[in-house]
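For reference, the structure discussed in these notes is given below.
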Number of protein chains: 2
Amino acid sequence: MISKKTIYAFKALIHLAGTPAGQPVLIADLAKAENIPKKFLEFILLSLRKGGLLLSRIGKGGGYSLAVPAARISVGAIVRILEGDIAPVQCLSTTNYARCEECQDEATCGIRLTMADVNVALATVLDNLTLADMIERSDAERNKIQNVVDYNI
Amino acid sequence: MISKKTIYAFKALIHLAGTPAGQPVLIADLAKAENIPKKFLEFILLSLRKGGLLLSRIGKGGGYSLAVPAARISVGAIVRILEGDIAPVQCLSTTNYARCEECQDEATCGIRLTMADVNVALATVLDNLTLADMIERSDAERNKIQNVVDYNI
DNA sequence: ATAATGCCTATAAATTCTATAGACATTACA
DNA sequence: TGTAATGTCTATAGAATTTATAGGCATTAT
């Protein structure tokens, strides 16, 4: 289950992807528009910036904008920044590795070996979905529904 | 990231799969052998029994044993029992559904549409791995290492 | 009967997640 | 050069969840 923090990040990124490039968005406006606690959002945006996904400008006329096109921001990258990792068990994490407390032998641990498969499956799907996909799918669904409405008229 | 509770469940199930059928194992023994807090394990085993994966016998000579062969216990089933669900967002959960607080329109939510893919990928891999796989892979790795040792002698 | 066992409810302790406060640093622009 | 507008940073509070424990009850074999 992904955390609220990551959901907020998705929302913020989708919002930023929908604003004209070179026109930074204020934290306060973003918070209001997406109904995210401002101070919490502040922290989330900072993380995303440090993760290389956002640009910020301080001072008057400042704000946040995407650092890269939405099509090149993978969902996996977002999740990794906010959740720290994707791995289902910490002994499989690359960024946040920790040995299991009482794992006798990591190399032959059946749980670990099995979870490695899960890890690969998860990473694969998350790394192949992008912010642009999120937006496209939403638009596509909206159009589908709109067409049905048109048809009915 | 899967919880300690689920890891404990895996360990307990692997242990039970490794004991002769019809020979129930005591909670106390299992707790000691796998180094799991006894009272916590008690709760975990109860959940697994209610989930249909274990049989128990009360009273003297009682204990726990697998209700089905290890090859027919999927990792997904175990995770679902302990974690409640697999879905990455609650609005995709079947057993534990909850609408997102401020989702304007669930049908066109890009986050939800995207996470649906993740959900399928995750469910697929988890449902196709079994307790028997966990044990087999562990054995296979052990043999590999053993063979290397033999070869070196 | 009695001892051995799982079952159940309640609750405590620890950890993580969510949210807030407030001072500080940087920038645009009058 | 001053001032208002902004993001940055550190600290901490509050809420929720996860992990762990206690103790009495119900059931069974002998």
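In table form, for the structure just shown:
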read-out: Residue selected from the stretch A:102-118 under the condition assigned to a helix (DSSP H, G or I) and among the acidic types (Asp, Glu), by the criterion surrounded by the most Cβ atoms within 10 Å (Cβ to Cβ); value: A:117
read-out: Residue A:91 vs. criteria more than 8 Å from chain B (Cβ to nearest Cβ), part of a loop (DSSP other than H, G, I, E, B) and more than 19 Å from residue A:21 (Cβ to Cβ); value: no
read-out: Matching residues in the stretch A:40-57 - criterion: being within 13 Å of the chain's Cα centre (by Cα) and within 21 Å of residue B:101 (Cβ to Cβ); value: A:44, A:45
read-out: Which listed residue is exposed (fewer than 13 other Cβ atoms within 10 Å of the Cβ), in contact (Cβ under 8 Å) with a residue 12 or more places away in the chain and not acidic (Asp, Glu), from B:69, B:88; value: B:69
read-out: Qualifying residues in the stretch A:49-69 (those that are out of contact with any Pro (no Cβ under 9 Å at 6 or more places or on another chain) and near DNA strand D (Cβ under 9 Å from one of its atoms)) - the one farthest from residue A:84 (Cα to Cα); value: A:60
read-out: Evaluation of residue B:4 against (1) away from chain A (no Cβ under 13 Å); (2) closer than 26 Å to residue A:104 by Cα; (3) not aliphatic (A, V, I, L, M) (one fails), failing number; value: (1)
read-out: Residues within the stretch A:22-39 that are away from every other protein chain (no Cβ under 14 Å) and either within 13 Å of DNA strand C (Cβ to nearest atom) or over 18 Å from residue B:102 (Cα atoms) (or both), tallied; value: 9
read-out: Matching residues in the stretch B:46-63 - criterion: being near DNA strand C (Cβ under 7 Å from one of its atoms) and touching a Leu at 6+ places or on another chain (Cβ under 6 Å); value: B:63
read-out: Test: residue in the stretch B:127-148 that is free of Cβ contacts under 8 Å to residues at least 12 places away in the same chain, within 9 Å of chain A (Cβ to nearest Cβ), in contact with a Phe, Trp or Tyr (Cβ under 8 Å, 6 or more places away or on another chain) and over 19 Å from residue A:121 (Cβ atoms); value: no
read-out: Of the criteria (1) of a type in the set (Ser, Thr, Tyr); (2) within 14 Å of DNA strand C (Cβ to nearest atom); (3) within 24 Å of residue B:122 (Cα to Cα), which one residue B:94 fails; value: (2)
read-out: Residue check for residue B:17: more than 12 Å from DNA strand D (Cβ to nearest atom), within 23 Å of residue A:113 (Cβ to Cβ) and either of a type outside the set (Ser, Thr, Tyr) or within 14 Å of chain A (Cβ to nearest Cβ) (or both); value: yes
read-out: Candidates B:48, B:16, B:30 - the one that is touching a residue at least 40 places away in the same chain (Cβ under 8 Å), crowded, with 16+ Cβ neighbours inside 10 Å and outside any loop (DSSP other than H, G, I, E, B); value: B:16
read-out: Conditions (1) assigned to a helix (DSSP H, G or I); (2) more than 10 Å from chain B (Cβ to nearest Cβ); number of the one not met by residue A:68; value: (1)
read-out: Among (1) modelled with pLDDT of 95 or more; (2) of a type outside the set (Gly, Ala, Ser); (3) over 25 Å from residue B:110 (Cβ atoms), the one test that residue A:64 misses; value: (3)
read-out: Residue B:85 closer than 22 Å to residue A:120 by Cα, at pLDDT below 95 and not aliphatic (A, V, I, L, M); value: yes
read-out: Criterion (on the phi > 0 side of the Ramachandran plot and either within 16 Å of the chain's Cα centre (by Cα) or not aliphatic (A, V, I, L, M) (or both)) met by exactly one of A:62, A:110, A:84; value: A:84
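Results for (1) closer than 30 Å to residue B:6 by Cα; (2) more than 10 Å from every other protein chain (Cβ to nearest Cβ); (3) assigned to a helix (DSSP H, G or I), shown as yes or no for each residue.
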position: A:43; (1), (2), (3): no, yes, yes
position: A:59; (1), (2), (3): no, yes, no
position: A:81; (1), (2), (3): yes, yes, yes
position: A:86; (1), (2), (3): yes, no, no
position: A:95; (1), (2), (3): yes, yes, no
position: A:100; (1), (2), (3): yes, no, no
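The values are calculated or read from the model by the stated rules, or taken from the named source; none is laboratory data. Computed from a prediction, not measured in an experiment: that's the story for all the values here. Cβ atoms come from the backbone with ideal geometry, glycine included; neighbour counts cover every protein chain shown.
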